[in-house]
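What follows is one structure encoded as structure tokens, with my remarks underneath.
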Amino acid sequence: MGQATFWNLIAKRYSKANIADQESYEKKLAITREYLEPESEVLEFGCGTGSTALLHAPHVKHILATDVATKMISIAEEKRVQGGVDNVSFEVNDLDGLVARGGQYDVVLGLNILHLLDDLDTALSQVATLTKEGGVFINSTACLQGKYKAVRAVGAFFRLLGLFPTINAFTENELLEAHRRAGFAIEAQWAPEGGDVVFVVARKQEKTD
Ligand SMILES: C[S@@+](CC[C@H](N)C(=O)[O-])C[C@H]1O[C@@H](n2cnc3c(N)ncnc32)[C@H](O)[C@@H]1O
């Protein structure tokens, strides 16, 4: 869980920051809701300070929302208690830990996180393991291949000190292909204007044997 240092350092500021593009955020919430049912068991990984999980909570049975950073999770837990939400569990964990423990979910959410993980194929294969057949994986992911070389170079330096997160740069096509390799079919995709982010709804295919 080496990633945690940076995120613990910025957790308080992250929780107070305004959402950069409120309209796109609300559209992503609305698209996600189309896939939520009152009986849905939901997993969110990389949940940050938990705002999105808490907003979706009234629409599902239960959300397990996880993050590698203890400070993110303690802020999320404070918000959960303040809001009197009893069907969200916040937990410090990452995909390795979740997969090792088992369990499968109707809906898995990974928002602004896939590009921060070391290996896209490994992450998507773990997400596939955690998603029920016929269930969906919904993610919002920055596709940064060829962009921000200077930022990434500076990042490499600070990463050595544990002060900057991993940034994994891939194209939108590479992202979508990696979903397919992991056994997902792309059901919907949407790229908010003027950014590098793509919002993807991918359905885990049923095994044919
Ligand atoms: C950019 S923030 C996104 C938070 C939230 N999903 C959102 O959209 O606001 C990335 C989050 O991923 C968490 N994170 C980074 N690496 C992780 C990992 N390997 N496993 C789980 N969470 C991780 C960080 O602690 C941070 O809270």
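The values are calculated or read from the model by the stated rules, or taken from the named source; none is laboratory data. Owing to the predicted nature of the structure, the values given are computational and were not obtained by experimental measurement. FYI the Cβ positions are ideal-geometry reconstructions off the backbone, even for glycines, and counts take in every protein chain you see.
Could you please find all residues in the stretch 114-135 being closer than 24 Å to GLU193 by Cβ and out of contact with any Cys (no Cβ under 9 Å at 6 or more places or on another chain)?
Within the stretch 114-135, LEU114, LEU116 meet the criteria.
ASP67 meets all of the listed conditions (1) near the ligand (Cβ under 9 Å from one of its atoms); (2) within 28 Å of LEU176 (Cα to Cα); (3) touching a Ser or Thr at 6+ places or on another chain (Cβ under 7 Å) but one, namely (3). When each of GLU37, GLU41, GLU23 is tested for being surrounded by fewer than 21 Cβ atoms within 10 Å (Cβ to Cβ) and in contact with a Lys or Arg (Cβ under 7 Å, 6 or more places away or on another chain), the lone residue that passes is GLU41.
Determine if the stretch 50-59 includes at least one residue that is hydrophobic (A, V, I, L, M, F, W, C) and not in a helix (DSSP H, G or I). No, because not a single residue in the stretch 50-59 is hydrophobic (A, V, I, L, M, F, W, C) and not in a helix (DSSP H, G or I). Based on what the data block shows, is ALA185 touching a helix residue (DSSP H, G or I) at 6+ places or on another chain (Cβ under 7 Å), part of a strand (DSSP E or B), among the small types (Gly, Ala, Ser) and more than 11 Å from CYS143 (Cβ to Cβ)? Answer is no for this residue. Within the option set ASP106, ASP86, being part of a loop (DSSP other than H, G, I, E, B) and of a type in the set (Asp, Glu) holds for one residue only, ASP86.
Among the candidates LEU111, LEU95, LEU117, single out the residue that is touching a Ser or Thr at 6+ places or on another chain (Cβ under 6 Å), among the hydrophobic types (A, V, I, L, M, F, W, C) and within 20 Å of PHE6 (Cβ to Cβ).
LEU111
The residues of the stretch 96-114 that are within 24 Å of ARG33 (Cβ to Cβ) and modelled with pLDDT of 95 or more, listed by number, are LEU98, GLN104, TYR105, ASP106, VAL107, VAL108, LEU109, GLY110, LEU111, ASN112, ILE113, LEU114.
Among the residues of the stretch 178-197, those that are farther than 21 Å from ILE167 by Cα and in contact with a strand residue (DSSP E or B) (Cβ under 8 Å, 6 or more places away or on another chain) comprise ARG180, GLY183, PHE184, ALA185, ILE186, GLU187, ALA188, GLN189, TRP190.
Of the residues making up the stretch 57-64, at least one is surrounded by fewer than 17 Cβ atoms within 10 Å (Cβ to Cβ), out of contact with any Lys or Arg (no Cβ under 9 Å at 6 or more places or on another chain), of a type in the set (D, E, K, R) and without any contact (Cβ under 8 Å) to a residue 60 or more places away in the chain. No other residue among GLU91, GLU133 is surrounded by fewer than 19 Cβ atoms within 10 Å (Cβ to Cβ), farther than 19 Å from GLY50 by Cβ and in contact (Cβ under 8 Å) with a residue 12 or more places away in the chain apart from GLU133.
Residue pairs whose Cβ atoms lie under 8 Å apart, sitting 6 or more positions apart in sequence or on different chains, and linking a residue in the stretch 103-121 that is closer than 24 Å to GLU41 by Cα to a partner that is charged (D, E, K, R) and within 15 Å of the ligand (Cβ to nearest atom), are VAL108/GLU44; LEU109/GLU44; GLY110/GLU44; LEU111/LYS28; LEU111/GLU44.
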